[in-house]
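This report concerns only the one structure given below.
The values are calculated or read from the model by the stated rules, or taken from the named source; none is laboratory data. A quick note: this is a predicted structure, and the numbers were derived from the prediction, not measured. With ideal geometry, Cβ positions are generated from the backbone for all residues, glycine too; neighbour counts draw on all protein chains shown.
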Amino acid sequence: MINKFFNSLGGVITLLVKGKNQERIINLALSRGIYIWDIKWQGNNLYLRIRSSALQAFQAIAEENDFELEIASKRGLPFLKTKARRRIGFLGGAAVFILALYVLSLFVWFIEVDGNKVVDSKQILQSAARNGLYQGSGKWKFSCSEVEKAMLRELPRLTYAQCELRGVKAHIRVVEKVWPDDDFYGPCHIVADRDGVVEDILVLEGQAIVKRGQVVGHGDILISGIVYPPEPEPEITEDSEIGAPEEPSFVRARGTIKARTWYEGYGECPRRLETKILTGKKAWEIKLTTPWKELGLKKAKLSPDGFYKLASKPVKINTPLGIWGIYINQYHEQEKKVQIYTEARATEIARENGFNNLRRKIRPDVQISDSYIEVLSSPSDNLVRIKIAIESIEDISRVQPIE
C-alpha cells in the first residue's frame, strides 16, 4: 500500500519492449537497481512498469542492447500536473463555477409562505423583510428565531410562526388565531372584543344584555343567543291551572355594539442622537482553525480609530482529530454621525413614533374621536418621552358559539 502511494507521487510508466530475448533487458535493469513490476507477455511483446525517475536509465540500457521501447501509459501526480497545465482554462472555469455556486448558496433567493388564510402573504413578507429576510439577503444578516419573534410581535393575528432555511429557499410557516366565523349559523352570543363604554346598540336577533353607558370588559356577553320568553301576567281564577314554564330558545345572535374605547402608545426621541452609517468600504479577513492552532490566511487592514460592523461566515468540519474550520470575516466600515435636535423637534419626533406604535394596535375601521398627549420627561432630560392616549368609537362585537 505504501509503495503504491509513493509510486503515484513519483509517477509510473508502462513500457512496451520489442526485440530479441527481452528477458535480458530485465536482468540488466535489475542489476543496475531499477525496480520493475507487473511484467506481462502479450504475444511477442513484453509489458512492464517502472518509476518515472528510472526512465532515462532504462532507455540507455535499451539503446546499448538494441531494444525498442514504447511508452504505453503514464500515471501519477507529475503527469496529472502536465495535463492540468494543458487544460488550465477548463480547470479554472470549473473552479470559478464551484466558487460561484458556493457564493450563491450564501443568499436566500426564494421565500415561500404557507398556512395563512386571513393574513395577506405580502404583510408576512414585509414583516420578514423589516427583520432582514428578503429575496437576495445574505444568510448571515438575519436569525430565523428573531424573524419569528418579530412576525408574532408585528402581526397580532398570528399565533405561531416558523422560519426554516432549505438551501437557497426560506420556508415561512404560520398558524393564525382561530376566531369564530361571521358566517357561523349555529347558536352563539355576541361578546365584547375589548374593554369599553357602550355607546350604541343595534340588536337584529337575540336578547340585549347591556345598556347604553354601561362599562363592559373583554369577553362580556353583549347580545345573548339564549332568548327567554316573556313572563305572562298572572290571572288567578278558581279554575286556573299553573302550566309548565316555556323553554328558552337558542338563536344565532346578530347585531352591532359600538363602544367608546381607549388606546395608549409611547414614543421617545433622544435630543442627541448618535448613529453609524456604512461608508461602503470593506475589508476581508480569512482564518483557518485546526485542533492545534489558528492560522491567519489573510489579515484585514483596519484603522485603529475606525468603526466596523462584522459579518462572519464560519465553516466547520468535525473530524476524529478535532474541529477544522475556516472563518471568512467581512468588516464594513461605519462612520459616526451625531444629530442634535431642539426640544420642539425631539417632541415632534417622539409624537410621531408614538402614533406609529398606536397604528399597529388600531384596526383601519376604528374612528378616532379624541387624542391626548402627555410629556413624561423634563426639559433637562436628554431623552424626550411622550405618552399618547386615543379615544375612539368602534364596533367591539365578536361572535362566540354557545357551549
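Could you tell me which of the residues SER105, SER73, SER145 is of a type in the set (S, T, N, Q), under 30 Å from ASN21 (Cα atoms) and either exposed (fewer than 14 other Cβ atoms within 10 Å of the Cβ) or modelled with pLDDT under 85 (or both)? Step through it out loud before you land on a result.
Details: SER105 fails: under 30 Å from ASN21 (Cα atoms); SER145 fails: under 30 Å from ASN21 (Cα atoms).
Being of a type in the set (S, T, N, Q), under 30 Å from ASN21 (Cα atoms) and either exposed (fewer than 14 other Cβ atoms within 10 Å of the Cβ) or modelled with pLDDT under 85 (or both) holds for just one of SER105, SER73, SER145, which is SER73.
Here is a yes/no grid of residues against (1) at pLDDT 85 or above; (2) of a type outside the set (Val, Ile, Thr); (3) exposed (fewer than 13 other Cβ atoms within 10 Å of the Cβ):
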position: PHE110; (1), (2), (3): yes, yes, yes
position: ALA129; (1), (2), (3): yes, yes, no
position: GLU154; (1), (2), (3): yes, yes, no
position: VAL174; (1), (2), (3): yes, no, no
position: ASP182; (1), (2), (3): no, yes, yes
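What about ALA300, is it surrounded by 14 or more Cβ atoms within 10 Å (Cβ to Cβ), over 26 Å from the mean Cα position of the chain (by Cα) and not β-branched (Val, Ile, Thr)?
Numbers: surrounded by 14 or more Cβ atoms within 10 Å (Cβ to Cβ): yes; over 26 Å from the mean Cα position of the chain (by Cα): yes; not β-branched (Val, Ile, Thr): yes.
Yes, satisfied.
When the residues of the stretch 324-360 are filtered to those that are touching a strand residue (DSSP E or B) at 6+ places or on another chain (Cβ under 6 Å) and aliphatic (A, V, I, L, M), which remaining residue is nearest to GLU264 (Cα to Cα)?
Ranking the candidates gives LEU358 first.
Being in contact with a strand residue (DSSP E or B) (Cβ under 6 Å, 6 or more places away or on another chain), under 30 Å from SER224 (Cβ atoms) and of a type in the set (D, E, K, R) narrows it down to one residue among GLU391, GLU374; which is it? I'd like the intermediate steps shown before the answer.
Working: GLU374 fails: under 30 Å from SER224 (Cβ atoms).
Every option except GLU391 fails the conditions.
Would you be able to say whether some residue in the stretch 391-398 is farther than 24 Å from ILE221 by Cβ and either outside the structural domain of ILE226 (by TED's automatic domain parsing) or hydrophobic (A, V, I, L, M, F, W, C) (or both)?
Of the residues in the stretch 391-398, the ones farther than 24 Å from ILE221 by Cβ are 391.
Then keep just the ones that are either outside the structural domain of ILE226 (by TED's automatic domain parsing) or hydrophobic (A, V, I, L, M, F, W, C) (or both); that gives 391.
Within the stretch 391-398, one or more residues are farther than 24 Å from ILE221 by Cβ and either outside the structural domain of ILE226 (by TED's automatic domain parsing) or hydrophobic (A, V, I, L, M, F, W, C) (or both).
Is at least one residue of the stretch 383-402 loosely packed, with under 11 Cβ neighbours inside 10 Å and not in a helix (DSSP H, G or I)?
Looking only at the stretch 383-402, we keep the residues that are loosely packed, with under 11 Cβ neighbours inside 10 Å, and these are none.
Among the residues of the stretch 383-402, not one is loosely packed, with under 11 Cβ neighbours inside 10 Å and not in a helix (DSSP H, G or I), which makes the answer no.
Quick check, is ARG271 farther than 30 Å from ASP195 by Cα, modelled with pLDDT of 80 or more and over 33 Å from the mean Cα position of the chain (by Cα)? Can you show your working first?
Numbers: farther than 30 Å from ASP195 by Cα: yes; modelled with pLDDT of 80 or more: yes; over 33 Å from the mean Cα position of the chain (by Cα): yes.
Spelling it out, ARG271 is indeed farther than 30 Å from ASP195 by Cα, modelled with pLDDT of 80 or more and over 33 Å from the mean Cα position of the chain (by Cα).
Applying the selection to the stretch 26-43, what residues are of a type in the set (Val, Ile, Thr) and outside any loop (DSSP other than H, G, I, E, B)? Give the steps one after another, and end with the answer.
Our first condition is that a residue be of a type in the set (Val, Ile, Thr); within the stretch 26-43, this holds for 26, 34, 36, 39.
Once the filter is applied, which keeps residues that are of a type in the set (Val, Ile, Thr) and outside any loop (DSSP other than H, G, I, E, B), the stretch 26-43 yields ILE26, ILE39.
Out of everything in the stretch 266-295 that is surrounded by 11 or more Cβ atoms within 10 Å (Cβ to Cβ) and among the small types (Gly, Ala, Ser), what residue ends up being nearest to ARG345 (Cα to Cα)?
GLY267
Restricting the stretch 376-403 to residues that are touching a helix residue (DSSP H, G or I) at 6+ places or on another chain (Cβ under 8 Å) and at pLDDT 85 or above, which is farthest from ARG212 (Cα to Cα)? Working first, answer last.
Taking the stretch 376-403 first, the residues touching a helix residue (DSSP H, G or I) at 6+ places or on another chain (Cβ under 8 Å) are 379, 384-388, 390.
Cutting the leftovers down to at pLDDT 85 or above gives us 384-388, 390.
On the way: VAL384: 40, ARG385: 36, ILE386: 33, LYS387: 29, ILE388: 27, ILE390: 21 Å.
Within the stretch 376-403, the match that is farthest from ARG212 (Cα to Cα) is VAL384.
Mind counting the residues in the stretch 340-357 that are in contact with a helix residue (DSSP H, G or I) (Cβ under 8 Å, 6 or more places away or on another chain) and loosely packed, with under 11 Cβ neighbours inside 10 Å? Spell out how you get there, then give the answer.
First pass over the stretch 340-357, keeping only residues in contact with a helix residue (DSSP H, G or I) (Cβ under 8 Å, 6 or more places away or on another chain): 341.
This time we only want the ones that are loosely packed, with under 11 Cβ neighbours inside 10 Å, so: none.
Residues that pass the stated criteria total 0.
Mind checking which strands (runs of 3 or more DSSP E) fall wholly inside the stretch 275-349 and carry at least 2 residues that are in contact (Cβ under 8 Å) with a residue 12 or more places away in the chain and out of contact with any Asp or Glu (no Cβ under 7 Å at 6 or more places or on another chain)?
Values: elements: 294-298, 307-319, 322-340.
Ranges flagged: 307-319, 322-340.
From the list VAL375, VAL366, pick out the single residue that is β-branched (Val, Ile, Thr) and in contact with a Phe, Trp or Tyr (Cβ under 9 Å, 6 or more places away or on another chain). Walk me through it before giving the result.
Numbers: VAL375 fails: in contact with a Phe, Trp or Tyr (Cβ under 9 Å, 6 or more places away or on another chain).
Testing whether each residue is β-branched (Val, Ile, Thr) and in contact with a Phe, Trp or Tyr (Cβ under 9 Å, 6 or more places away or on another chain) leaves just VAL366.
Taking the criterion of being charged (D, E, K, R) and in contact (Cβ under 8 Å) with a residue 24 or more places away in the chain, would at least one residue in the stretch 366-379 satisfy it?
Within the stretch 366-379, the first condition is being charged (D, E, K, R), and the residues that meet it are 370, 374.
Then keep just the ones that are in contact (Cβ under 8 Å) with a residue 24 or more places away in the chain; that gives none.
Within the stretch 366-379, none of the residues are charged (D, E, K, R) and in contact (Cβ under 8 Å) with a residue 24 or more places away in the chain.
Would you please name the residue that is surrounded by the fewest Cβ atoms within 10 Å (Cβ to Cβ), looking only at residues in the stretch 358-382 that are assigned to a loop (DSSP other than H, G, I, E, B) and of a type in the set (A, V, I, L, M)? Explain how you work it out, then say what you get.
Taking the stretch 358-382 first, the residues assigned to a loop (DSSP other than H, G, I, E, B) are 360-366, 376-382.
The next check asks that each one be of a type in the set (A, V, I, L, M); those that pass are 362, 366, 376.
Numbers: ILE362: 16, VAL366: 15, LEU376: 13.
Once the filter is applied, the top-ranked residue is LEU376.
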